[in-house]
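The values are calculated or read from the model by the stated rules, or taken from the named source; none is laboratory data. A quick note: this is a predicted structure, and the numbers were derived from the prediction, not measured. In this analysis, Cβ positions are derived from the backbone assuming ideal geometry, glycine residues included, and neighbour counts consider all displayed protein chains. Ligands, DNA and RNA are excluded from the accessible area calculation, which covers all protein heavy atoms including side chains. Shrake-Rupley method; radii C 1.70, N 1.55, O 1.52, S 1.80 Å.
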Amino acid sequence: MHITFFDRMVDISTTISGIKLKNPTMLAAGILGETGDSLLKIAEGGAGALVTKSIGIEPREGYPNPTFLETEHGILNAMGLPNPGIENYQEEVKKALKSNIPVIGSIFGKNTQEFELLAKKMEQYHVHALELNLSCPHAKGYGAEIGHDINKVQEITRAVKGSVKIPVFVKLSPNVGNIAEIASAVQKSEGDAIVAINTIRAMAINAELARPNLANKIGGYSGPAIKPIGLRCVYEIKAATELPIIGVGGILSGMDAVEYIMAGASAVQIGSGIYYKDEKIFANISKEIREFMDSHGYKTLREMVGVAQKR
Ligand SMILES: Cc1cc2nc3c(=O)[nH]c(=O)nc-3n(C[C@H](O)[C@H](O)[C@H](O)COP(=O)(O)O)c2cc1C
């Protein structure tokens, strides 16, 4: 591989609960990430780690179209958690592991038992860590209801931690009154890291047709418009807990990533950014982070984590 001047001067590697990432950019769950081949393509684009699509117990088709819509400042989706089901997912994980970068298995369930079962299966498939999706804003009976209930968040985190040896990341919803309180509950339950944020409950209306655009009516909003909300959530979580944080929401550039890192994130995930740019966004953001660090005198990424907390 070609080694640039910046590579030698500035260290952008990061470690989350013992998992070392060559750079802090990760693929966000559910974005192009259902098949092993699409995950490999993202790895080639320079990602430091991959997160799978959220996988449940049974195969799910998801909602009817339209499920995806680009609006003025972001993307609205109500996919309805389409996925092949855990039993059919081993081959895809196997392919993704060929990338030689960490693969994180995202899972969603209706209750604690489902989460435990999915977690054990993903661990058997040799993923490096788990991401519990407790925060899908539009799939009835799943994430949303669970992620808003502090007792359920605690119960599920504790149960999954008790049933696997790999690190457990917990992905939180911004659609709550006090996200820091929920993050503290994850820390108490021995979760290893927080992923913030999932999409924001939102909708669009088609005035000509006088009806909601999405078949599901309500969806989740992502992309540039949600960056200030993601930053606020990461900042509040950092102030309230000692857990490593993976920041996600509206990251399209190296500067966006630097802002999340300064708010308190040790790594970032990129989802909608792939639709706005392409899969090379991971390499481009890494390069821009390096350039920023070099021009501002930061030698390691860790030095930059949470610096905005102190001002
Ligand atoms: C089309 C689409 C599908 C998504 N699917 C999932 C999913 O399966 N599991 C999950 O935890 N988050 C899912 N998300 C949320 C993203 O992982 C991410 O948290 C959110 O989009 C904010 O980041 P972004 O602004 O970079 O897209 C999805 C988002 C989009 C746009």
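What is the distance in Å between the Cα centroid of the range 69-143 and that of the range 229-256?
The two parts, judged by their Cα centres, are 21 Å apart.
Quote the charge dipole size of the chain about the Cα centre in Debye, to the nearest 20; the model charges only the Cβ of Lys and Arg (+1) and of Asp and Glu (-1).
380
Given a 1.4 Å probe and every protein chain left where it sits, what share in percent of the accessible area of the chain is carbon and sulfur? Don't skip to the answer; put the middle values down first.
On the way: 6950 of 13480 Å².
Summing carbon and sulfur atoms, their accessible area is 52 percent of the total for the chain.
Place the peptides 223-233, 197-207, 293-303 in order of packing, highest mean first, counting for every residue the other Cβ atoms within 10 Å and averaging per peptide.
Details: 223-233: 20.7, 197-207: 18.8, 293-303: 14.4.
So the order, starting with the most tightly packed, is 223-233, 197-207, 293-303.
Using only the Cα atoms of the chain, what are the Rg and Dmax in Å?
Using the Cα atoms of the chain, the pair Rg, Dmax is 18.2, 57 Å.
At q = 0.23 Å⁻¹, what log₁₀ I(q)/I(0) does the range 82-134 have when each alpha carbon counts as one equal point scatterer in the Debye sum?
Results for the range 82-134 at q = 0.23 Å⁻¹ read -0.86.
Over the range 2-310, average the accessible area per residue using a 1.4 Å probe and give it in Å², no decimals.
Counting only protein heavy atoms, the per-residue value for the range 2-310 is 42 Å².
Of I179, F108, N133, whose Cα points farthest to the positive end of the dipole of the chain (charges on the beta-carbon: +1 Lys, Arg; -1 Asp, Glu; origin at the Cα centre)?
I179
For the range 184-311, max minus min Cα coordinate along each principal axis, in Å, sorted largest first?
55, 37, 25
So what is the calculated 222 nm ellipticity per residue for the chain, using -39500 (n - 2.57) for each DSSP H run with n of 4 or more, over all residues, to the nearest 500 deg cm²/dmol?
-10500 deg cm²/dmol
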